[in-house]
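Structure first, then comments.
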């Protein structure tokens, strides 16, 4: 699927032309919602527009769903899912942990995906034949690592504060067992999982556009990603991603009780 | 002080030759302490050795203090303070938020400093004449921003879990007031403060080698950095860094009660 990777490179470049000049610039932040804190930048809107244009040119019969501009129809069973800037809180804080997410579903199942971080020059791509890294250090195929026990695992989550009640108690149990927990890593965490640097990502309250692009990157690198009750992850919500089936089962066992 | 920046560039390059090839490689992690989690890599040791060599060649009468190899004497009132890999938890998780820290104290006061992040290719330097960025986007002088109110501020900290008892309550009060809190950002947070992307960094339990290099980068960008009781920050411990004096005073008022 060299063609798909070439298309992803075009998509990443087009998105970067809109996001990168606005990264670490002030005055670009608008609040999408009047109440609460949900920042979105011009980068978000301009990048989604650019990505939609490329998809529509190349795959005119495919549906497109984006964080900013909703759904546009398509006659095939293919649907693209876009989050032009995942990790807007990182983006507005100057931290290079945000990414442009573009995923492709076929008959409801995520089959290909891109995460692009243009400041570091990294892309993580799944094309059906595997998961691939391009960026500093040179290109390579991605593979999750074989950490089997929670006590050896590095885990990422947005913040424990997002888990409430029994779910917080269950989350705290797992954080108490892992070797190390990192917060605030957004889409970057899933790519570090696919690349074999971390072992577990646990996140709650996700939207489909937060996760569809990342599902194939993890699965095609050998990882396991589901909802907390073991279902397919495309529906988003409460997601558990792990480097392998054994670690995933151990995490689900602790978390599903919550 | 172009000379000092040139020296910092040499130091950053020498450190990067030791750290970067080991970043995102497994099997390099040793535990420095038998009990607890305090990872250190070969990168840490090799980079400190390389930095010490450069300092000793260029400034033979200066003292050197490093995280890995302790203190070596010097007859002058100049002392270099080195943390070859600050943010080892980010390092072992594949996240490009760690940095090489090299600071210079004169008569006990931090006067020059370097933070280098070789994966992103960024350096943040203070040389007595100002604070400077070199990296993607091109070189520029750093300046903190003029956020005056906690409600508008972006704050960074390692994790709230490090604050205990009354101090945790005080920390939670400030996190409840700021616009946004980010965790786990280590030395990178102080550089984002100097660069005007975030407004406040609050951290506890710091060692001098965690902070001495960052003090001039913040002060020479217009920021204010002290211990929580308002003292000079070189002693480390509980540190409050802010974009300006007004925001710093507001933070100290909330935190010092804890």
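The values are calculated or read from the model by the stated rules, or taken from the named source; none is laboratory data. As the structure is a computational prediction, the values presented were derived from the model and not from experiment. Glycine also receives a Cβ, built like all others from the backbone with ideal geometry; neighbour counts cover every protein chain displayed.
Which residue out of A:150, A:180, A:101, A:114 is over 30 Å from residue A:73 (Cα atoms) and touching a residue at least 40 places away in the same chain (Cβ under 8 Å)?
On the way: A:180 fails: touching a residue at least 40 places away in the same chain (Cβ under 8 Å); A:101 fails: over 30 Å from residue A:73 (Cα atoms); A:114 fails: over 30 Å from residue A:73 (Cα atoms).
Criteria check complete, one pass: A:150.
Looking at (1) closer than 18 Å to residue B:193 by Cβ; (2) touching a strand residue (DSSP E or B) at 6+ places or on another chain (Cβ under 9 Å); (3) surrounded by fewer than 24 Cβ atoms within 10 Å (Cβ to Cβ), can you tell me which one residue B:106 breaks?
If we test residue B:106 against (1) closer than 18 Å to residue B:193 by Cβ; (2) touching a strand residue (DSSP E or B) at 6+ places or on another chain (Cβ under 9 Å); (3) surrounded by fewer than 24 Cβ atoms within 10 Å (Cβ to Cβ), just (1) comes out false.
In the stretch A:186-195, which residue that is modelled with pLDDT of 95 or more and more than 8 Å from every other protein chain (Cβ to nearest Cβ) is nearest to residue A:231 (Cα to Cα)? Before the answer, list the steps.
Of all residues in the stretch A:186-195, those modelled with pLDDT of 95 or more come to A:187-195.
When the remaining residues are screened for being more than 8 Å from every other protein chain (Cβ to nearest Cβ), the result is A:187, A:189-191, A:193-194.
Numbers: A:187: 20, A:189: 21, A:190: 18, A:191: 21, A:193: 19, A:194: 20 Å.
Step by step, filter the stretch A:186-195, then rank; the result is A:190.
Closer than 13 Å to residue B:145 by Cα, under 11 Å from the mean Cα position of the chain (by Cα) and crowded, with 21+ Cβ neighbours inside 10 Å: is that true of residue B:211 in this structure? It would help to see each step written out before you state the result.
On the way: closer than 13 Å to residue B:145 by Cα: no; under 11 Å from the mean Cα position of the chain (by Cα): yes; crowded, with 21+ Cβ neighbours inside 10 Å: yes.
For residue B:211, the condition - closer than 13 Å to residue B:145 by Cα, under 11 Å from the mean Cα position of the chain (by Cα) and crowded, with 21+ Cβ neighbours inside 10 Å - is not met.
Of all residues being out of contact with any helix residue (DSSP H, G or I) (no Cβ under 9 Å at 6 or more places or on another chain) and touching a residue at least 24 places away in the same chain (Cβ under 8 Å) in the stretch B:117-137, which is farthest from the other protein chains (Cβ to nearest Cβ)? Just the residue, please.
Out of the qualifying residues, it is B:130.
(1) more than 14 Å from every other protein chain (Cβ to nearest Cβ); (2) in a helix (DSSP H, G or I); (3) under 27 Å from residue B:159 (Cβ atoms): which one isn't true of residue A:209, the others all being true?
The one condition residue A:209 does not meet is (3).
Just name the residue that is nearest to the chain's Cα centre (by Cα) out of those in the stretch A:112-124 that are assigned to a strand (DSSP E or B) and within 18 Å of residue A:97 (Cβ to Cβ).
Kept after step one, since they are assigned to a strand (DSSP E or B), are these residues of the stretch A:112-124: A:112-117, A:122-124.
Narrowing further to those that are within 18 Å of residue A:97 (Cβ to Cβ): A:113-117, A:122-124.
Numbers: A:113: 9, A:114: 9, A:115: 7, A:116: 10, A:117: 11, A:122: 14, A:123: 12, A:124: 10 Å.
Across the stretch A:112-124, the extreme among qualifying residues is A:115.
Hey, does the stretch A:231-248 have a residue that's farther than 22 Å from residue A:8 by Cβ, without any contact (Cβ under 8 Å) to a residue 24 or more places away in the chain and more than 14 Å from every other protein chain (Cβ to nearest Cβ)?
Looking for residues that are farther than 22 Å from residue A:8 by Cβ, without any contact (Cβ under 8 Å) to a residue 24 or more places away in the chain and more than 14 Å from every other protein chain (Cβ to nearest Cβ), one finds at least one in the stretch A:231-248, hence yes.
Looking only at the stretch A:153-185, count every residue that is assigned to a helix (DSSP H, G or I), within 11 Å of chain B (Cβ to nearest Cβ) and under 30 Å from residue A:68 (Cα atoms) and tell me the total.
Counting residues in the stretch A:153-185 that are assigned to a helix (DSSP H, G or I), within 11 Å of chain B (Cβ to nearest Cβ) and under 30 Å from residue A:68 (Cα atoms) gives 2.
Could you tell me which residue of the stretch B:196-206 is nearest to the other protein chains (Cβ to nearest Cβ), considering only residues that are in contact with a strand residue (DSSP E or B) (Cβ under 6 Å, 6 or more places away or on another chain) and surrounded by fewer than 23 Cβ atoms within 10 Å (Cβ to Cβ)?
Step one: filter the stretch B:196-206 for residues in contact with a strand residue (DSSP E or B) (Cβ under 6 Å, 6 or more places away or on another chain), giving B:198-204, B:206.
Among the residues that remain, those that are also surrounded by fewer than 23 Cβ atoms within 10 Å (Cβ to Cβ) are: B:204, B:206.
Numbers: B:204: 16, B:206: 18 Å.
Checked the stretch B:196-206; the qualifying residue nearest to the other protein chains (Cβ to nearest Cβ) is B:204.
Per-residue answers, yes or no, for (1) within 14 Å of another protein chain (Cβ to nearest Cβ); (2) at pLDDT below 95; (3) farther than 30 Å from residue A:151 by Cβ; (4) in a loop (DSSP other than H, G, I, E, B):
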{"site": "B:16", "(1), (2), (3), (4)": "yes, no, yes, no"}
{"site": "B:36", "(1), (2), (3), (4)": "yes, yes, no, yes"}
{"site": "B:49", "(1), (2), (3), (4)": "no, no, yes, no"}
{"site": "B:54", "(1), (2), (3), (4)": "no, no, yes, no"}
{"site": "B:71", "(1), (2), (3), (4)": "no, yes, yes, no"}
{"site": "B:76", "(1), (2), (3), (4)": "no, yes, yes, yes"}
{"site": "B:82", "(1), (2), (3), (4)": "no, no, yes, no"}
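Name the single residue, out of those in the stretch B:234-258 being touching a strand residue (DSSP E or B) at 6+ places or on another chain (Cβ under 7 Å), in a helix (DSSP H, G or I) and modelled with pLDDT of 95 or more, that is nearest to residue B:177 (Cα to Cα).
B:251
If you go through the stretch A:67-93 one residue at a time, how many are surrounded by 24 or more Cβ atoms within 10 Å (Cβ to Cβ) and either in contact (Cβ under 8 Å) with a residue 12 or more places away in the chain or under 13 Å from residue A:49 (Cβ atoms) (or both)?
Step one: list which residues in the stretch A:67-93 are surrounded by 24 or more Cβ atoms within 10 Å (Cβ to Cβ), which gives A:80-87, A:91-93.
Then drop every residue that is not either in contact (Cβ under 8 Å) with a residue 12 or more places away in the chain or under 13 Å from residue A:49 (Cβ atoms) (or both), which leaves A:80-87, A:91-92.
Residues that pass the stated criteria total 10.
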